[in-house]
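The structure appears right after this line, and notes come after that.
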Amino acid sequence: MDKFVIKGGRKLTGEVTISGAKNAAVAILPAVILSDEPCIIENVPLISDVNICICILTEMGAEVTMMDKNTYRIDPTKICNFCVPYEMARKMRASYYFLGALLGKFNKARVSMPGGCPLGDRPIDQHLKAFAAMGAEYTLSQGMIDLKANKLHGCQIFFDVVTVGATMNAMLAAVRAEGLTIIENAAKEPHIVDLANFLNSMGANIMGAGTDVIKIRGVEHLHGATYAVIPDQIEAGTFMAAVAATKGDVIIKNVIPKHLESITKKMEKIGVNIEQYDDSIRVWVDGPLVKANIKTAPHPGFPTDMQSQIATLLTLAEGTSIITENIWEQRFRYVDELRRMGADITVNGKVALIEGTGNLMGAPVKACDLRAGAALIIAGLAASGITEIEDIYHIERGYDCMEGKLRALGADIEKVSVPDKADAKNSEIKKAI
């Protein structure tokens, strides 16, 4: 079992380079299945969710070559297995993108229900609604989703709620369907635009990505392409919060400043200085942090994936802040861990009331999900004393070498391995016998 050990109190200074976007990569990699030729995907983050995607593709018969640590050549032409292995798929929520990609290419798919972080119910009814509208039939049995169609056809899809996953899955299924598909009430996140750009680079005909109406005219074939994943806006936002929490001064490179607008605006209200350049930003703090009220919302609103990180920052601010979570019902599970570190946070339903204490204390804590883990790292960096974070596999699902990047900025953080309690107990029993 691995954990992070952080000695807090050091300002972050220097430069850091942001990796490719997790939420884009985990959709673009399955999308390669739709191509009739090999593809090269660049700027792929080195994270466990990507590793799972690559393992799934390999298990299905794709030939995958790692050209360097962030570049893969994927040849999908030999895929002969249309079932995503259960043990792999249940470890990540984005496994459901294999449904749209397989259905779009082969008119059939078999994938387990999505796994990933425990943030509450993950209904896929909107995904299935889109597939059914295109002519697919589905069955749900023993945790597996089976899809099949004689032929997919264009249609009009209206999502009952704004949903990133269903929007992307509908796009994947529709690019090779016959006729025109119109997706209304579509999500607008940057990774949706990135997926559309990748599909278009292979010869798809997608218009309107980034707006609430996406039009897709199906094509018979998709060719190979070389494509670079966009920078990760949430990783960039996480480093912005970490710099602010330690009152540091850092240049964050390889970002798209426009993607960070909602984060930047809130940070500036809190008292963080931000200077934007073409593909980088400078973040520094030279005064007190102050309270703010934040509501999460679909893009271009404040992202739910930054909610826990900004909450940690607000524990260090002056005054009372209010955070309203409008996306996931279990996004506040990290609050108990921050309380261990001295945070004064009260949660009532989807609202958290944060009384800024101005300081945190190191403590042993556990990451309960990906973004909660990032929040605890920020708290540990700002806290006095030593913080030990367990269950860091959640963090490694979405952050590329987080501890290495932080050390390069002056943080005192290390990853240590400790014996698993169950393994240790078994060893004691064996010795006793």
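Placing Glu63, Glu337, Glu15, Glu235 in order of accessible area, with the largest value first and a 1.4 Å probe, yields Glu15, Glu63, Glu337, Glu235. Counting only heavy atoms of the protein chains and using a 1.4 Å probe, Lys269 has close to 140 Å² of accessible surface. Once C-alpha pairs closer than 8 Å and six or more residues apart are averaged by separation and normalised to the residue number of the chain, the relative contact order reads 21 percent.
How long are the semi-axes of the equivalent ellipsoid of region 205-311, taking √(5λ) for every eigenvalue λ of the Cα gyration tensor, in whole Å from largest down?
Ellipsoid half-lengths, sorted descending, are 33, 17, 10 Å.
Taking all Cα pairs closer than 8 Å and separated by 6 or more residues, the relative contact order of region 114-220 comes to 23 percent. For the chain, the C-alpha radius of gyration sits at 1.00 times the compact-globule guess of 2.2 N^0.38 Å, with N the residue count.
The mean accessible area for residues of the chain, using a 1.4 Å probe and ignoring ligands and nucleic acids, is 40 Å² per residue. For the chain, which whole-number percentage of the solvent-accessible area (1.4 Å probe, protein heavy atoms only) is attributable to carbon and sulfur atoms? Carbon with sulfur: 49 percent of the solvent-accessible area. Residue-wise HN-Hα couplings along region 180-187, as the Karplus relation 6.51 cos²θ - 1.76 cosθ + 1.60 with θ = phi - 60° gives them from phi, are 9, 10, 10, 9, 10, 6, 6, 6 Hz; Gly and Pro carry x.
Once the Cα atoms are used to define both axes, helix 97-106 deviates from the longest principal axis of the chain by about 10 degrees. When nucleic acids and ligands are ignored and a 1.4 Å probe is applied, Thr58 ends up with an accessible area of around 70 Å².
Nearest 5 percent is fine: what portion of the DSSP beta bridges confined to region 267-412 is antiparallel?
So the antiparallel bridges in region 267-412 amount to around 60 percent.
Accessible area per residue (1.4 Å probe, heavy atoms of protein chains only) ranks Ser48, Ser112 as Ser48, Ser112, with the largest value leading. Rounded to whole numbers, the Karplus 3J(HN,Hα) couplings from phi for region 142-155 are 6, x, 10, 10, 10, 10, 7, 8, 5, 6, 7, 10, x, 6 Hz, using 6.51 cos²θ - 1.76 cosθ + 1.60 with θ = phi - 60°, and x at Gly and Pro.
Express the relative contact order of region 261-410 as a whole percentage, based on alpha carbon pairs under 8 Å and six or more residues apart in sequence.
Working: 278 pairs, mean separation 26.6, N = 150.
Result for region 261-410 is 18 percent.
Residues whose amide H lies under 5 Å from that of Leu222, counting only those 5 or more places away or on a different chain, are Asp36; hydrogens are built 1.01 Å from N in the peptide plane. Given springs between every Cα pair under 10 Å in a Gaussian network model of the chain, which of Phe302, Phe158, Phe98 has the largest fluctuation? Taking springs between Cα atoms under 10 Å, the residue moving most is Phe158. Using a simple spin-label model with pseudo-atoms 7 Å out from Cα toward Cβ, Asn185 and Glu329 lie 1.8 nm apart. With the convex hull drawn around the C-alpha atoms of region 321-379, the volume per residue stands at 75 Å³. How much accessible area does Asp336 have with a 1.4 Å probe, in Å² rounded to the nearest 10? The accessible area comes out at roughly 90 Å². With all protein chains in place and ligands, DNA and RNA left out, the 1.4 Å accessible area ranks Cys55, Cys83, Cys39 as Cys55, Cys83, Cys39, largest first.
Most tightly packed first, judged by the mean number of other beta-carbon atoms within 10 Å of their residues, the peptides 22-28, 347-353, 90-96 read 22-28, 90-96, 347-353.
The values are calculated or read from the model by the stated rules, or taken from the named source; none is laboratory data. None of these values were measured; they are calculated from a predicted model. Because the Cβ atoms are built from the backbone with ideal geometry, glycine has one as well, and the counts that use them run over all protein chains shown. These area figures cover heavy atoms from the full protein model, side chains too; ligands, DNA and RNA do not enter into them. Shrake-Rupley method; radii C 1.70, N 1.55, O 1.52, S 1.80 Å.
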